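**Q** Shown below is the structure under consideration.
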Amino acid sequence: MTERYTGKPFLRLLELYVLDAIGQLSDKDEETLIKMTPNLQATYKSQGSWKEIIRKVMDLPENMPSLIIDMWNKNQKIAKDNGQVLEGEQFAMMFVDQNLT
């Protein structure tokens, strides 16, 4: 865990939620999230998948994944127009910092 997440474990869960929405969640991270779902359910006293729990805890709209995808596509175009590559991890951090914290 890097300094970014010290004292903020939920921050990484939000980034993983974004990565999932844009289709860039690794199989390893998905497996880890599925395994930790019972702990998330107990911690947040909520039922459902890890994604549903994050949505409930953050009070996100049900269409949040499509909103994230729209922003991803816009930012991909901006990066391309500027001769840059926007990686999924970079976008997830940026999106969470600007919209979910």
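**Q** Picking from Val85, Val96, which residue would you name as being under 13 Å from Tyr17 (Cβ atoms) and of a type in the set (A, V, I, L, M, F, W, C)?
**A** Going through Val85, Val96 in turn, the sole match is Val96.
**Q** Go through the range 1-21 and report how many residues are of a type in the set (Val, Ile, Thr) and at pLDDT 95 or above.
**A** 1
**Q** I've got another one for you. Can you pull out the residues in the range 1-34 that are of a type in the set (Ser, Thr, Tyr) and within 10 Å of Ala92 (Cα to Cα)?
**A** Tyr17, the sole residue that qualifies.
The values are calculated or read from the model by the stated rules, or taken from the named source; none is laboratory data. If you're wondering where the values come from, they're calculated on a predicted model, not measured in any experiment. Backbone-built Cβ (ideal geometry, glycine too); neighbour counts: all protein chains shown.
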